[in-house]
Structure formats: C-alpha cells, structure tokens
1. Expressed as a whole number of Å, what is the distance separating the alpha-carbon centroids of the range 132-160 and the range 95-112?
2. Please turn the phi angles of the range 131-147 into ³J(HN,Hα) values with the Karplus equation 6.51 cos²θ - 1.76 cosθ + 1.60 (θ = phi - 60°), one per residue in order, whole Hz, x for glycine and proline.
3. Once R0 is set to 22 Å, what does the formula 1/(1 + (r/R0)^6) return for the Cβ-Cβ distance between Leu156 and Arg135, expressed as a FRET efficiency to the nearest 0.05?
4. With the Cα gyration tensor of the range 89-201 giving a ≥ b ≥ c as the square roots of its eigenvalues, does the rule (a/c under 1.5 for rounded; else a/b larger than b/c for prolate; else oblate) give rounded, prolate or oblate?
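What follows is calculated from the coordinates using simple rules that are stated; it is not laboratory data. Values in this document were obtained by computation on a predicted structure and should not be read as measured data. Glycine also receives a Cβ, built like all others from the backbone with ideal geometry; neighbour counts cover every protein chain displayed.
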Amino acid sequence: MTPYIFASILLHVLFVAGMVWGGIRFGPTKKPLPSATVVHLVRRAGSPAGTTQAGASTFTIPEPKKPLVTPSQEKSSAKKPAPAPTQGKVESKGEGRSLSGAAGTMHVGGDFTYDWYLALIQSKIEQSFRPPPGRRKSLMAILEFRISKAGEIVGLQRRHSSGDFLFDQAAERAVRAAGRFPPLPANFEASELGINFEFVSNPSP
C-alpha cells in the first residue's frame, strides 16, 4: 500500500469521527415534557348531581329536549268532529215539516223527509240575513218560494209584511243571496219543493 492511499484512508476516518463527535456534542437537547395538572372534582354533600363545591368549576348536565310538535301535527293528532250545518230542530207537523233557527222558522210542505237538505237551506239563508239594527219592537216577515229539481229558487214572493220596509228587504235579500242549492234528492218524486220562511227580529236592547 502506497503512502498516498494510507494517508487518504486516514483522513476519511478522521473526518467521519469528527462528524459523529460534533453531532453528539452540539445536537439538540431533549426537554422534559411538562407535568400534567390533575384536577379533582369534589361533590358537595347534599348538592344535586352535576354541581361542584365553591371554587371548583360548576357545570350542569343539560336535560334532554322535548321533540317539537308542529301545528300541522297537533291538528292531525286531535280530530274534531265536523260541525253541523245548523242548530235548528226539524219538527213534523201533519203533512209538513218545520225547522227553527236564529233567523226564524222554515216550513216545508209535502212529504219531504230529507232533513240534511232542509238544514242546508236554513244555514245558507241565515248566513245571508242581516236585519237592520235599532228596532224597538218584534218584527216578522213571511216569504214564500220554491226550489226546483235543479236546486234553483223560483217564485219568490212576500206573503206577510212586517210593516218595516227595511226589514222586508233584508229578508228578501237573504233568500236571493243564498243563491243556488244542490239538486233535490233523486228519490224525491215532486218536481219542486215549496217553502215558507218566517223571518223574525227581536227588539234591540
């Protein structure tokens, strides 16, 4: 081995040894990890669950929320019976029938046994009846009309006047404003249904 090769090997060994020694001497030092802080929660005697002593952190366990109920769900859950079209009572008098309500009494001639149809007529007329206010005595006007097979009002006339022009006009407007009714029941053999309607008004207080 020549002196040059021996010198080169020696230089490489010294260089590697210097690198190793420098890395150990001047390398980063490891810092110790900070110690963890341990917190003990002490419950006060007799205090409700979820509350600590004075000086300690206070916390409250939240209560479970109740499910929200939308208005549509409330309506669907509570089923209400459908209201009757009128509060009148149908009474049979001989061959005819009578139905009393807030606006007065309706008399039906013949053998007409369909109470639901009579209640519908009474309800529609009462919704349209607007008697004039400020009357000092009881009034009654009787109107006569017929309902055709198709449900149309025909032959409207005044059989008895109340003596008050405005009250008579209000009664006639109530019948005309009721408009057209459903067709008469198919099992009703007559072509028309005759009706007398007694409109009444009590004195104003």
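1. Distance between centres, Cα-based: 13 Å.
2. x, x, x, x, 8, 9, 8, 6, 10, 8, 10, 10, 10, 10, 7, 10, 10
3. Between Leu156 and Arg135 the formula returns 0.40.
4. Prolate shape, in that a/c is at least 1.5 and a/b is the bigger ratio.
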